[in-house]
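The next block holds one structure in the form of structure tokens; read it before the comments.
The values are calculated or read from the model by the stated rules, or taken from the named source; none is laboratory data. All values derive from a computational prediction rather than experimental measurement. Cβ placement follows ideal geometry from the backbone for every residue including glycine, while neighbour counts extend to all protein chains displayed. Only protein heavy atoms, including side chains, enter the accessible area calculation; ligands, DNA and RNA are left aside. Shrake-Rupley method; radii C 1.70, N 1.55, O 1.52, S 1.80 Å.
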Amino acid sequence: MNRSKKAILQGVKRVVIKIGSGVLTTKEGLNLDVIQALGEELCLLMEKRGLEIILVSSGAIASGIKKMGLSHRPQSISQQQAIAAIGQSSLMLAYEETFKRYGRKVAQVLVTRDDLTNRTRYLNTRNTIFTLLNWKVIPVINENDTVVVDEIKFGDNDNLSAMMANLVGANLVINLTNIDGLFDDDPRMNKDAHLIALVEKVTSKIEKNACAIPGPLGRGGMESKVRAAKDVSICGIPTIIANGLKGNIISRIFDGKEEGTLFLPQLTPMRSRKHWIAFTKSPKGRIMVDKGAEDALVNKGKSLLPSGIVAVYGRFRIGNSVTIINREERSLAVGLVNYPSNDIEKILGLKSSEIENTLGYKHYDEVIHKDNLVLMKNP
Ligand code: GLU
């Protein structure tokens, strides 16, 4: 596989473009000039290169804050949710009007993490987006901020864009922010900070560089952008973090100009369904295993049987995702369980042949089948 920037960009057809609040808003509210310029550029690229574009757009809360004349983000959840509802309509109107000028239509897609955790709703979302793309309509995706509470949030739109990239099978993610890419320090504070043009692998050093660069308006900052880039690289998708305030930034990227930071995809990508298990579903509990089971899972690619389980933490149901930990509480894997937590407590340490006698039923020999298990690799 050719991993040069040129080769990567040549093969791109479907691209997720995430635009942050720092790009989309100014002190006065939505930055209509930027939206207009990006819209024009994207329409040209769709025409010229036959790209399919999926936008993940922040800016609802930032725009709502300005629209209501507030000086900062409100504290209470209900006020933040109301502000998001107020801002979201302005955001969509801006996209609608911009793309209309070039004969294009947009569609609002609001999702929650809960939606994508449910496999049926995940597939429904995917079908809807594919239908929109078939019709050459541009999906504009945001988190449905008005209905979610912290526990079920994506957290930030960087994470949402990573999940969307996996969901639509994108060839590239472009994450537009208000600085030129990932630096080795915060370029707004340190004039000597250097742009890192290429990241082959997200190491702990790269993560540390990212932590030094917080984000003012949105929730992400560079840390969540790098985490998102790492998540999509696992599925074999590259990311470019670049400055969305720079004129013609996307064309410059596709023309091969030195822009932003390119994160290379992993050489052996994780399949979409495994990625969904590992990153989209949030674990509802933990299962502790002994050394023998650890070895079977990590080194031999086996399923998790009841005999290797030593403890169960949390309450969960069949099909929920759980984290598997060893006795030192190190996370080994994430997987979907075939039995609820209260039944696993009864069969832990037993042979699979004893499941039926103990529970009065047996769905499977395995508590977690290897096809529903994703190992956590150390960086
Ligand atoms: N969904 C939020 C909004 O539209 C943005 C979250 C983020 O920027 O990460 O305001």
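State whether the residues of region 7-27 include one that is open to solvent by less than 40 Å² (accessible area, probe 1.4 Å), hydroxyl-bearing (Ser, Thr, Tyr) and within 24 Å of MET164 (Cα to Cα).
Checking region 7-27: at least one residue is open to solvent by less than 40 Å² (accessible area, probe 1.4 Å), hydroxyl-bearing (Ser, Thr, Tyr) and within 24 Å of MET164 (Cα to Cα).
Among (1) part of a loop (DSSP other than H, G, I, E, B); (2) touching a residue at least 12 places away in the same chain (Cβ under 8 Å), there is one condition LYS230 misses while meeting the rest; what is its number?
Among (1) part of a loop (DSSP other than H, G, I, E, B); (2) touching a residue at least 12 places away in the same chain (Cβ under 8 Å), LYS230 violates only (1).
What tally of residues in region 321-344 results from selecting those that are more than 24 Å from ASN357 (Cα to Cα) and not aliphatic (A, V, I, L, M)?
Summing the residues that are more than 24 Å from ASN357 (Cα to Cα) and not aliphatic (A, V, I, L, M) in region 321-344 gives 9.
Failed condition for LYS205, given (1) within 16 Å of the ligand (Cβ to nearest atom); (2) modelled with pLDDT under 90; (3) part of a helix (DSSP H, G or I), with all others met?
Of (1) within 16 Å of the ligand (Cβ to nearest atom); (2) modelled with pLDDT under 90; (3) part of a helix (DSSP H, G or I), only one is false for LYS205: (1).
Inside region 140-167, can you point out the residues that are among the β-branched types (Val, Ile, Thr) and modelled with pLDDT of 95 or more?
VAL140, ILE141, listed by residue number.
Condition check ((1) under 21 Å from LYS291 (Cβ atoms); (2) in contact with a His (Cβ under 7 Å, 6 or more places away or on another chain); (3) of a type outside the set (Lys, Arg); (4) without any contact (Cβ under 8 Å) to a residue 24 or more places away in the chain) across all residues:
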position: SER321; (1), (2), (3), (4): no, no, yes, no
position: ARG330; (1), (2), (3), (4): yes, no, no, yes
position: ALA333; (1), (2), (3), (4): yes, no, yes, no
position: SER341; (1), (2), (3), (4): no, no, yes, no
position: LEU348; (1), (2), (3), (4): yes, no, yes, no
position: SER352; (1), (2), (3), (4): yes, no, yes, no
position: TYR361; (1), (2), (3), (4): no, no, yes, yes
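Checking THR117 against (1) under 14 Å from THR280 (Cβ atoms); (2) within 16 Å of the ligand (Cβ to nearest atom); (3) in contact with a strand residue (DSSP E or B) (Cβ under 9 Å, 6 or more places away or on another chain), only one condition comes out false. Which one?
(2)
Looking only at residues that are small (Gly, Ala, Ser) and at pLDDT 95 or above in region 38-81, which one is farthest from ILE141 (Cα to Cα)?
Per the criteria, the residue is GLY39.
How many residues are closer than 16 Å to SER321 by Cβ, open to solvent by 50 Å² or more (accessible area, probe 1.4 Å) and in a loop (DSSP other than H, G, I, E, B) if we restrict to region 277-301?
Residues meeting the conditions: 2.
Look through region 321-379, keep the residues that are in contact with a strand residue (DSSP E or B) (Cβ under 6 Å, 6 or more places away or on another chain) and in a helix (DSSP H, G or I), and return whichever of them is surrounded by the fewest Cβ atoms within 10 Å (Cβ to Cβ).
GLU345
For residues in region 113-149 being aromatic (Phe, Trp, Tyr) and in a helix (DSSP H, G or I), which is least open to solvent (accessible area, probe 1.4 Å)?
TYR122
Could you tell me whether LEU110 is at pLDDT 90 or above, within 11 Å of the ligand (Cβ to nearest atom) and open to solvent by 50 Å² or more (accessible area, probe 1.4 Å)?
yes
This table checks each residue for (1) modelled with pLDDT under 90; (2) surrounded by fewer than 24 Cβ atoms within 10 Å (Cβ to Cβ); (3) outside any loop (DSSP other than H, G, I, E, B).
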| position | (1), (2), (3) |
| --- | --- |
| VAL173 | no, no, yes |
| PRO187 | yes, yes, no |
| LYS191 | yes, yes, no |
| LYS201 | no, yes, no |
| ARG219 | yes, yes, no |
| VAL226 | no, no, yes |
| ILE241 | no, no, yes |
| LYS246 | no, yes, no |
| GLY256 | no, yes, no |
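Within region 175-185, can you find the residues that are open to solvent by 10 Å² or more (accessible area, probe 1.4 Å) and either farther than 17 Å from GLU207 by Cβ or β-branched (Val, Ile, Thr) (or both)?
Across region 175-185, the qualifying residues are THR177, ASN178, ILE179, ASP180.
Give the residues of region 48-91 that are closer than 30 Å to VAL12 by Cβ and more than 13 Å from the ligand (Cβ to nearest atom), sorted by residue number.
LYS48, ARG49, GLY50, LEU51, GLU52, ILE53, ILE54
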